[in-house]
Structure formats: structure tokens, C-alpha cells
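One structure is given below, encoded as C-alpha cells.
The values are calculated or read from the model by the stated rules, or taken from the named source; none is laboratory data. This structure is a prediction, so every number in the text was calculated from the model and none was measured. In this analysis, Cβ positions are derived from the backbone assuming ideal geometry, glycine residues included, and neighbour counts consider all displayed protein chains. Note: areas computed on protein heavy atoms with side chains; ligands, DNA, RNA excluded. Shrake-Rupley method; radii C 1.70, N 1.55, O 1.52, S 1.80 Å.
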Amino acid sequence: MLRPHSTLSSSGWKQKALQIQQFKVPRGLSKQYYGEFIVPNEEVDKHLEDIGYSSEKMTGVGLCGSTRWKAAKAASKTMKNLDETGLEVAGCRHALALKALNMFRGEMFGYPHYLHTQNFQSAKCIWADIICQYWPWAVVKAESCPNLRSAMCAQPCLSVMHAKAHSWHCQILWGGRWQEGAAGGAGEEMEQLFSYLSRFNITTKYMSAAGREEQLVEAAMFWNDKKIFNLPKYLKARLQKTQGNLQKSKEDLLLLQVEVGEDLTPEYCKQCQTEIRKIAKREQK
């Protein structure tokens with residue numbers, strides 16, 4: 001039996017990993033009968049006001065390495081006069097959509113900050129494609145808002161594929177493959193959902209606000225049901241793949257030991273990792 005969306009609520013769950021990304025869905029107030037998958041706009045506005053977001057000026061241009069990230073900004077003015085410009089969605093590593101909110105001012109840190117601190121404070125890992133710039137900003141906000149500090153105990157992780165466009169030291173300091181407890185996740189699972197939701201772009205931009213929300217909630221819930229139905233097969237395949245990758249990594253390590261003529265103990269590898277991270281921190285400054 002397929003589970004209704006209400007059982008996918010974050011309440012009662014101990015979230016292991018959370019990925020937050022933006023998805024642009026343009027459009028042309030209703031109560032959602034699936035529960036509040038899309039957070040009421042008033043709650044988001046109140047959160048932005050509570051953390052002093054309305055008075056914040058734009059900072060920086062979102063540059064990391066040679067790439068300029070549109071999502072990496074404290075504030076956005078490019079779409080401030082438009083209706084809903086898209087969805088900010090939080091999901092798990094099984095590609096289930098757990099919570100979303102409407103974006104009205106383009107991509108900015110305040111939106112993922114609401115999902116992170118108000119809905120998933122117990123998450124162990126937070127994945128994002130601009131985590132290297134979002135996390136320092138969020139830490140500063142937590143210093144001035146004590147009630148937000150518990151959410152900063154998570155491990156920030158830079159999505160694996162997006163990391164390729166970041167600077168090399170950013171990949172080492174923030175990359176998901178370098179973080180303790182991040183396991184074999186890629187942090188790109190929500191891209192699957194966005195690929196599916198992109199089909200609704202052509203229709204939602206002509207809909208009313210109520211019609212748009214109903215359409216997107218229906219689509220997201222259908223996606224979740226399909227994912228849950230296929231979850232046993234998916235987890236089995238993922239376990240087999242991970243076991244194969246682990247065995248290959250052990251074999252590669254043995255070959256590397258022969259090549260360098262060193263006994264690559266876990267302690268020695270940990271020391272090398274620490275030295276590389278020190279160099280990366282110097283380069284970042």
C-alpha cells in the first residue's frame with residue numbers, strides 16, 4: 001500500500017541527510033488537502049523578518065573559483081516584483097520531496113535557511129550546491145539567534161557534481177566525499193525530482209496561485225508514492241553498488257601501497273588528509 005504524504009512529515013523522523021535546492025516554476029490561496037507540503041508564505045516571511053532579512057543588503061557576487069553561482073547570495077533583487085519564481089525543496093537521499101516553499105525573490109540564502117532551521121534541525125548532513133557560502137552565513141545568523149544554534153550541529157556537505165565547478169580548495173573543505181558521516185551520497189538526488197517537475201513549467205505559469213500549488217503538490221506526491229513503491233528494489237541495488245565500490249577501493253589502496261612503497265595505514269591516510277586540508281584552508285584565505 002502506498003503511504004499518504006502525512007507519513008512523510010519530518011516530525012518523528014531523525015533525518016540523516018538533507019538536500020536543499022531551488023527549482024524554477026513560474027506561474028500566472030488554497031488549503032492543501034495533503035497537509036502543508038508547501039509551507040504557507042506568511043510563515044516564511046515571518047522567519048525572514050525574525051532573522052533581519054528585510055534589512056539585509058546584497059553581499060558579494062556568489063563567486064567560487066571561476067564560477068559565479070546565482071544561488072550564492074544573501075539577497076536577491078532580480079525577481080522581487082514577480083509572482084512565484086519557483087520552489088525551494090528539501091528532500092532526503094532517497095529522492096523523496098519532504099518540504100517546499102514558494103520563492104518570490106529569486107534564489108537567496110533565506111529560503112533554504114527556513115527549511116533547514118524550522119523543519120530539519122535534527123538532520124545529520126546538509127547538502128547544497130552552494131553550501132560553502134551558505135553555511136558561514138548561517139553560522140553568523142545563529143550567533144545572533146540562539147534558538148537557531150541547534151540546527152548548526154549538522155555536517156555541511158557540498159553536492160558531488162556541483163563541486164566540480166567550485167575551486168579545488170572548496171572541494172576539499174566542503175565536498176561531500178571528504179566529510180565524516182556523509183557515506184556514499186551524492187547530494188544530487190533532488191535533481192531527479194526537478195527533472196520531473198520541469199514538465200509542468202508550460203502550464204503552471206498560466207495558472208492561479210491556488211491552481212499552481214495544487215498541481216505541484218499533486219505531482220510531488222505522485223513522485224513520492226512511486227519512489228516509495230520502488231524503494232526496496234532501489235535500496236538493494238544501491239547496497240550492491242556500494243559493496244562493489246568498497247571492494248574496488250580496497251584493491252586500489254593495495255596497488256597504491258605497492259607503487260609508493262609505503263604502508264598506508266589508516267593513521268597515515270588520516271595524517272595526509274589533515275595536511276591537505278591545512279593547505280586548502282590557507283588557499284581559501
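Candidates GLY244, ILE279, LEU264 compared by Cα position along the dipole of region 241-285: farthest toward the positive end lies ILE279, with charges placed on Cβ.
Among the listed pairs LYS164/LYS281; LYS99/LYS226; LYS227/LYS250; LYS248/LYS270; LYS241/LYS281, which have their C-alpha atoms separated by more than 22 angstrom in this model?
In this structure, LYS227/LYS250; LYS241/LYS281 lie more than 22 Å apart at Cα.
Taking the protein heavy atoms of region 140-271 in the context of the full set of protein chains, the accessible area attributed to carbon and sulfur is 59 percent at 1.4 Å. The solvent-accessible area of PHE222, taken with every protein chain present and a 1.4 Å probe, is close to 120 Å². Given a 1.4 Å probe and the protein chains as shown, ASP50 ends up with an accessible area of around 90 Å². Over region 128-203, the hull volume per residue, using the convex hull of the C-alpha atoms, is 130 Å³.
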